[in-house]
Structures are given as structure tokens and as C-alpha cells.
Amino acid sequence: MSERIYVTTPIYYVSDVPHLGHAYTTVVADTLARYHRLRGHDSRFLTGTDDHGQKIERMAASKGQTPKQYADGIAAAYQSCWRTLGMSNDDFIRTTDPDHEAVVQDIWRRLVERGWIVLRPYQGWYCVACEQFYPDKELDDGKCPVHKRAVERVEEENYFFKLSQWQKPLQEFYDRVLRETGRPFVEPAIRMNEVRAFVDAGLEDLSVSRATFKWGIPVPGDPRQVIYVWLDALTNYYSATRRDPSLARFWDGDAMARGELQVVHLMGKEITRFHAVYWPAFLMAAGLPPPSKIIAHGWWTVDGEKMSKTAGNVVDPNRLVADLDAVVGAKVGVDAFRYFVLREVPLGADGDFSHESLLTRYNAELANDLGNLLNRTLGMVWKYFPDDGVIRYQRAEAAPIDLASAFAAAQQEYEKAFAGFAPSKALEAVWSLVRAANAYIDKAAPWKQPRESQAAILGEVLETCRILAHWVSPVMPDKAAAILRQLGVAEAPCWPERRTSAVFHVEKATPLFPRIDDDRKKELLARWTPKPATATGTATQTATQAATTTPVKPTVTFDDFAKLDLRVAEIVAAERVPKKDKLLKLSVDVGGEMRQVVAGIAAAYAPEALVGRRAIFLANLKPAKIGGIVSEGMILAAGEEQILALSALDRDCPPGTKVR
Ligand code: MSP
């Protein structure tokens, strides 16, 4: 295991707000980074946004914004979501950062100087969604093989990168990594095989500039063209290490060659070709070292379906977490979400996200196995040592079950799992110790023992809980801190040794993960799986009751109705109003115009869950002060308090669209 590690996520397109897929990659990267910090390794974790490209230019235009304004809004939504989900990224890069742009242009110049970039006329099929040209043979019935949408014919004079000459050096590079590290450059191996097959089949030169749009980094010396968005974007991993001389140690070829530094790029499997073929070729051509490893994870579906806006099944992590916290009545959502996505699917495999399985794992593994271990242990400490809750622990010689060997086996597995980028296996190892500790209590039966044995048994379990807290900290940083606090241990996450004696001054137990009973489960599933009006469920029932008991107001004419200026608005920012539990202050985009709105929806929605959402908005309501703040319009919603539901649009309508 190297002593220095640089972990990255893809930089996400600012075409959309973050969802489960983006959150997954970022949770995996965060967990790896936290694990390495725990080991005391010199670690850096980078994420960010991919701001440029034709797709963004078009989307911004459709919303009447400049590309930068548009990108700023979505980049802020990413940053806010990552804060909510507890990401510990050391930096957040955007391809519009001026220092990044300078590095991209610098690499471009190097490639030109070395003769790897040349100007040529070009004709080809371009998919704007992929930001990629496709040769005829790769088209699927004339359409993009990934998006199944029409591709565009592009005829322009482009700069080309001579990728065709990189077949052999790339093959040698993959061989070298395998020889030197014993593992393929791309993992899992199935993705390496795909990349290999692509390279072995022969490489074509790659168009690396575009002349038909402007939203990109200008080609040095030729302002008619912008640099291809993937060359720009991939360079982020390197440019972020040039921001400060002290960061150069995270992109250092000698250190990589000596095995002292690992540069690990994490991503979904669909973009391995860019990272495993183009990126090492660009770097080597520019005289720079390639990364050490590419880890490609699988794709999430939701309840067996592809996640898509049209299907309406996109999982918004902000919303999921806020709902869990609200219904459980405790801050459990972030750690439960992180735990679930890491545990449910081995890294590399495709996975299916089901809200039902999330709740099942929550109850069985978090509330029962781990939560209850701590809860019952602290309960017994206070029961048998009611004066002060202090346990002076001395390792028991003749323990009925050997927790020492369970610890040693779990530690070995845990370490091996992280070295092999397998967080699901690391969690399995942790749970083997959780279960061993629960079994130990059952067998040792402290309730039947004399006082000295009680202290020894409980001490053994408290020490195990301390170790478990450190081990779960990369995945569940909040709950790890809560366990340590309840154990009365003032330690930051670290690599724990198993001690033979210690003094624990424990707190009274507070459940880590309160159990989700059937009613709450129903309520959560009702929130997450909208049901037709006839279905039963707490929210629907209450709304139906309200609808039937409230008399219909007197008739209005169409002219009355036409006085209302209703339109689509997008919530761009949301925050709580200090000392007003029910109110949120929103900034909404009503189609090129920003309004400040105070809405009584705080009981139903966390502010983070609202950013990026669109709703119907009454734009000509007379401004009024609510909670001391001027509100310039009204967001429409159904119901009241917690069961309130924001009005929604089942198709993509830009802000400002009229509602009739
Ligand atoms: N901007 C490029 C990446 C440039 S990196 C130099 C891009 N951005 S993206 O916004 O489309 O994000 C793609 C990444 O999001 C995937 O690689 C993956 O990490 C994540 N996911 C998006 N949808 C996903 C699923 N349904 N399931 C799992 N992860 C997926 O591509």
C-alpha cells in the first residue's frame, strides 16, 4: 500500500443537478480518501464540475442565461449536495477556473510543439450528449450507440491529436502496470479487457477542437476554435495539482514509479475509454506521467428501471436524506445512504437501488446489529454500574468467545478490502466483528455474572465498539463520532489497535439509528414512490380527507382566473429563516428574473432538497412581508405542514414557462 494517494471523481457536467449516480461515485471516493487519512497516509481527494461544452451552451441558451451563469447555479447545487452528504473533498475544481484553463492551454502548446496536434479538415458524426464523434461503424442504426438519439453531421477544420500512433505505447503501458503491480491498470478486469480490445483494434486520430460553438477554452493562437471538452475536462486531475507547489507531490512520476504515490481515478464504466485510452495518451504525448489506476464502477438502476427524468424515478440524494431524517426524527439519513450504497453493491458491479432494501438494511444492519450493540452495552453499563457509568477494563483471560481472533480476522479482511478498492467487502469485515461482539454478549451473559466479570465482559465489548467506530468512520463519519462520544472516548478517526486495558466513562445511550417501524416505513415509501390517488398511504389519506372536508370556494370566471400570472419557477437557492420553524427563504428564477420568496414549507422540505426543483409560481401576487422578509410571489403546493407537496411538472419546462 502506497503512503500517498490522490483520489478523484469525474467532474460532473453542469447540465443537471446531482443524483444518486453522481453521489455514488463521490461517496466511494470520499470513503477511500477517509480510509487513507485514517491510515495516516498523505491523501488528497478532488471532485468538481465540467462546465464547458456544446451541451451546456445549448441548455443555458434555452434558459436565457449565459453559460457561466447557468454553470454557476448547478456547480453550487453540487457543492451544496456534497456538503450535505458529508464529503471531505480537499478541493472542488471547475473547468472555468482560470488556473485550470491556463494549464489546459499549456498542455495544448506542449502537444503542438511535440508534433502531436495538427490541423486538418474533418467530417464526422457528433453526439452532443456524449460530446464525442462516432465513426460510422459504431453508430447504432445511424444513431448514437449510448443515447440512441440522432447524431449531427459536423464538417469543419479541426485540430487532431495523433492518437493512431499511440496503440503500441498504450499496450506497453498496460503491460507494465500489470507486471509491476500485479493488477490491471483498469479495474475490474472486465473493463480492462474492453479497453484492451478497443486499443488492439487500432486507434484513429482524435479531433480535439471544435469550431461551431464558443463555450470552451480557446485554442492558443486560433481563437476561432475551442479545445475539445474531454481534453479540457480530463486535464482537471492534473491541473488541480498545479494550483500550489506543495500539491505537485500528487502528480509525480518518480513517486508513482517507486510505488509511493497512487493516482486513482474513479468513475462510472461508461467513461473508461476517455480515462484509460485518451488521457494516458495525452499525458504521455505531453511528456507527463499517466495515472496509476482507473476504477470503473457499475451503473445504478432504480427498482429495475433505468434512472431518467422521463420515468420520473431519478433519486435525489438531498431529498432522500431529508425525508429519512424527518420521518425518523434524528440525523440518520446521510450515514444510512452512504452505508447502503457502499454495502448493497460490490464496487464494479451494476446495482439496483430500491427504497425498500434501503429500509431493510437500515433496520437489520444499522438499527439492529450495530446500533443495538452499542445501545445494549451502554444500557448494561449503567444498569450494573449506576453510580458513574465507569468501566475499568482489563482483558479477560478466559473469555467464552474469543473476540481477539474475530478482531484479527476482521482487521485483516478490512485492510485487504480497502487495498483492493472493495468497500462492500470492508463493510462485511466490519459486520463480522459487530456480529461476533453481539454473540459474545449473548454467550458471556453479563446479567448472570458477578460484578468483576461484568466489568471485564462489558469492557471487552466497549473496546470492540471503539474499534468499530474507527472502522466505520470512512463510511459513516457522523455515526462514528457519535459512537466515540457515547463511549466517552476523545479520539479522532485513527487506525485502532486493540488494547488490553482501558477506562471507559460512558454516556447514557442514545440510539444511533432509531428503528423504522411499519408506519414510518409506509410513510417513507409513500414519499418516495408516488402512488395513484386511490392508493392508501398516510400522505394520500390525509390529503384526501382534507380535500373532501374543505368546501369548494365560490365560482370564479375565466377572466378572474386570467388575472393570475402563473408560471414555472426554478428554486435556485433555499435557506431557513432564523427563529421561524415553518419558513424557508427561496431565490427563484422565473425566467430570467430572480425573485425572493418566503414559503411555509420548512416542515416538509430541507432547503438542500429544493435547490434545482421547479414548481408552479404565482408571479403577480402583491409583495408582502412574511416573517419580517419581503416575499415577491408564491410557490404553489398541496396540503399542509409535513404532508405538504410542492407542485411539480412532469416534463422539462424552462423557468418562465406560462401555466394556464
Ligand atoms: N463530465 C463528464 C466526466 C468528465 S471527467 C474528466 C461526465 N459527467 S457526468 O455528469 O455525466 O457524470 C458521469 C458520472 O456520473 C459517471 O461516470 C458516474 O460516475 C456517475 N453516474 C451517472 N449516472 C450514473 C448511474 N445511473 N449509476 C452510477 N453512476 C452514474 O461524464
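The values are calculated or read from the model by the stated rules, or taken from the named source; none is laboratory data. These numbers come from a predicted model, not from an experiment. All Cβ positions, even for glycine, are placed from backbone atoms using ideal geometry, and neighbour counts span all protein chains on display. Accessible surface is based on the protein model in full, side chains and every heavy atom, while ligands, DNA and RNA are left aside. Shrake-Rupley method; radii C 1.70, N 1.55, O 1.52, S 1.80 Å.
The figures follow:
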read-out: Contact order normalised by residue count of region 420-536, Cα under 8 Å, 6+ apart, percent; value: 19 percent
read-out: Alpha-carbon centroid distance for the pair region 46-90 / region 127-179, whole angstrom; value: 25 Å
read-out: For the chain, Cys with no neighbouring Cys Cβ under 4.7 Å; value: 81, 465, 494, 653
read-out: Net +/- balance of residues flanking residue 48 in space, Cβ distance below 10 Å, scoring K and R +1, D and E -1; value: -3
read-out: Distance violations [Cα-Cα > 24 Å] among 55/269; 148/658; 68/148; value: 148/658; 68/148
read-out: Integer Hz, Karplus 6.51/-1.76/1.60 couplings in order for region 592-598, x for Gly and Pro; value: x, 10, 9, 10, 9, 10, 9
read-out: Net charge contributed by nearby residues that have their C-beta within less than 10 Å of residue 478 (K/R +1, D/E -1); value: +2
read-out: Cα-centre dipole for the chain with unit charges at Cβ (Lys and Arg positive, Asp and Glu negative), debye to 20; value: 880 debye
read-out: Derived scalar couplings ³J(HN,Hα) [region 624-638; Karplus, 6.51 cos²θ - 1.76 cosθ + 1.60; whole Hz; x for Gly, Pro]; value: 8, 8, 10, x, x, 10, 6, 10, 10, x, 9, 7, 8, 8, 10
read-out: Estimated FRET transfer efficiency (residue 213, residue 622; beta-carbon r; R0 30 Å; 0.05); value: 0.10
read-out: Residue 165-residue 243 FRET efficiency (beta carbon distance; Förster radius 30 Å; 0.05 resolution); value: 0.40
read-out: Cβ crowding within 10 Å averaged over residues, with 162-170, 211-219 ranked highest first; value: 211-219, 162-170
read-out: Gain in span if fully extended, residue 61 to residue 224, counting 0.36 nm per residue against the direct Cα distance; value: 56.7 nm
read-out: Heavy-atom accessible area per residue - the chain, 1.4 Å, Å²; value: 44 Å²
read-out: Listed residues 510, 118, 457: farthest to the positive end of the dipole of the chain (Cβ charges); value: 510
read-out: Gyration tensor over alpha-carbon atoms, region 432-491, equivalent ellipsoid semi-axes in Å; value: 24, 13, 7
read-out: Overall dimensions of region 352-505 as given by Cα atoms, namely Rg and Dmax in Å; value: 15.4, 50
read-out: Modelled FRET efficiency - R0 56 Å, residue 330 with residue 109, Cβ distances, 0.05 increments; value: 0.50
read-out: Value of D in µm² per second that Stokes-Einstein yields for region 68-137, Kirkwood Rh from Cα pairs, at 25 °C (0.890 mPa s); value: 154 µm²/s
read-out: Alpha-carbon radius of gyration plus Dmax, which is the widest Cα pair, for region 580-660 in Å; value: 12.2, 35
read-out: Rounded to 5, percent antiparallel among DSSP beta bridges of region 4-298; value: 45 percent
read-out: Whole-percent carbon and sulfur share, accessible surface of the chain, 1.4 Å; value: 52 percent
read-out: Percent of beta bridges antiparallel (DSSP, the chain, rounded to nearest 5); value: 65 percent
read-out: Relative contact order of region 28-122, pairs being alpha-carbon contacts under 8 Å that are 6 or more residues apart, as %; value: 33 percent
read-out: The chain - mean residue ellipticity at 222 nm from DSSP helices (-39,500 (n - 2.57) per run, n ≥ 4, rounded to 500); value: -12000 deg cm²/dmol
read-out: Convex hull per residue volume in Å³, alpha carbons only, for the chain; value: 189 Å³
read-out: For region 4-298: rounded, prolate or oblate by the Cα gyration tensor [a/c cutoff 1.5]; value: rounded
read-out: Positive minus negative residues near residue 384 (Lys, Arg vs Asp, Glu; Cβ under 15 Å); value: +2
read-out: Ordering of 130-139, 437-446 by packing [mean C-beta count within 10 Å, highest first]; value: 437-446, 130-139
read-out: Ranked by how many other beta carbons lie within 10 Å on average, peptides 80-90, 244-254 from highest; value: 80-90, 244-254
read-out: Contact order relative to length of the chain, as percent, for alpha carbon pairs under 8 angstrom and 6 or more apart; value: 12 percent
read-out: Label-to-label distance, nm, for residues given as residue 653 and residue 494 (7 Å Cα→Cβ offset); value: 5.9 nm
